[in-house]
Amino acid sequence: MAAGGSSLALRGPLAGLAWTSLGLQIAIFAAPLALVLWLSLLATANQSGDLSLTGWTSLLASPEAREALFSSILLAALTALGATCLSWPIAYLIAIRGRRLGRVLLGFVILLWFFDPGMRILGWMQAFKDLALLDILPLSMLSGFSAELIAGIHAWLPLSILVLALAFRRVDPHLLRAARECGADSATLLTRILWPLCRSAAALSAAITFSGAIGSFLEPRLLGTGEFEQASEWLQRALESETGWPYAAAMLILLLAFAAAPLVLLAVLNQRKVPT
């Protein structure tokens with residue numbers, strides 16, 4: 001009876017609306033992806049005839065393109081690592097510590113998440129400038145890889161905190177209470193209980209952060225320099241050229257592949273852990 005009721009529910013109008021919405025989302029995702037893939041296979045942006053691998057071969061043969069792609073991957077990886085590590089103690093305070101403190105911190109984290117990114121980055125630029133004038137930070141921190149990394153961690157930290165806080169809330173409170181009664185402090189709870197139980201959530205947090213950070217445009221545009229050019233800056237120069245669109249399309253496909261790789265890897269590993 002339960003299975004039959006479930007099947008009848010799936011055939012109702014709500015299920016039809018859900019499938020329609022899902023189909024529209026797939027189409028909205030697939031249509032631009034197919035167009036970008038098709039554009040990457042053209043010799044020039046204005047050519048509509050035979051397909052060619054000129055864009056791909058030129059992109060892979062370009063030292064500047066490879067360096068920009070590697071720089072974006074490195075920056076995204078460090079951003080994911082930094083945001084995930086910093087989010088652990090804050091997520092602990094939100095999910096495990098006092099209720100009032102947790103609610104206040106949760107509201108602050110959500111506020112940070114919705115904070116205007118342009119305003120945030122301009123604020124970082126001014127802070128770097130003031131600290132450099134006071135000889136607290138070197139002038140090289142005003143822009144470049146370090147500034148992009150700090151701004152990137154600040155941008156993705158709220159999402160990482162929320163993912164880990166949700167994972168911490170799923171831990172059995174009786175287990176934490178028993179550990180406290182046995183004399184466990186906060187550091188012990190984090191390292192001996194929460195870390196073993198929430199490692200998959202930490203991996204998911206890092207994967208999501210990496211996937212979002214690798215395609216970031218705003219931080220490299222405002223804080224970047226030519227010394228550490230990111231893929232987004234390389235893309236902008238390619239798009240400004242009338243003949244550079246196929247190369248830009250190929251770079252976008254590569255960025256999408258690298259962004260999806262951690263999530264796909266996690267999905268495969270989790271599937272293997274599921275008992276058959």
So what's the back-of-envelope 222 nm ellipticity for the chain, counting only DSSP H runs of four-plus at -39500 (n - 2.57) apiece and dividing by all residues, rounded to 500? -25500 deg cm²/dmol
Taking springs between alpha-carbon atoms closer than 10 angstrom, which of L235, L14, L112 fluctuates most in the Gaussian network model of the chain? L14
Amide hydrogen neighbours beyond the local backbone of E229, cut-off 5 Å, H modeled: none
Sequence of W88, W245 when ordered by accessible area, the most exposed leading, probe 1.4 angstrom: W245, W88
Around L164, under 13 Å between beta carbons, what's the net of Lys plus Arg minus Asp minus Glu among the other residues? +3
For Cα extents along the principal axes in Å, with candidates (i) 62, 45, 39; (ii) 69, 50, 40; (iii) 70, 70, 32, the value calculated from the shown model is option (iii)
So what are region 95-220's ellipsoid semi-axes, whole angstrom, largest first, if each one is the square root of 5 times an eigenvalue of the alpha-carbon gyration tensor? 34, 17, 14
Compute the distance in nm between two label points, each set 7 Å from the Cα along the Cα-to-Cβ direction, one at A257 and one at L86. 3.2 nm
Across region 79-94, in residue order, what do the Karplus-derived ³J(HN,Hα) couplings come to in whole Hz, using 6.51 cos²θ - 1.76 cosθ + 1.60 with θ = phi - 60° and x for Gly and Pro? 4, 4, 5, x, 5, 5, 5, 5, 6, 4, x, 5, 4, 5, 5, 6
Once you place label points 7 Å from the Cα toward the Cβ at L37 and S21, how far apart are they in nm? 2.7 nm
Dividing the mean separation of Cα pairs under 8 Å (6+ apart) by the residue count of region 78-218 yields a relative contact order in percent of 41 percent
Where labels lie 7 Å past Cα in the beta-carbon direction, separation of L175 and K273 in nm: 1.2 nm
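The values are calculated or read from the model by the stated rules, or taken from the named source; none is laboratory data. None of these values were measured; they are calculated from a predicted model. Because the Cβ atoms are built from the backbone with ideal geometry, glycine has one as well, and the counts that use them run over all protein chains shown. These area figures cover heavy atoms from the full protein model, side chains too; ligands, DNA and RNA do not enter into them. Shrake-Rupley method; radii C 1.70, N 1.55, O 1.52, S 1.80 Å.
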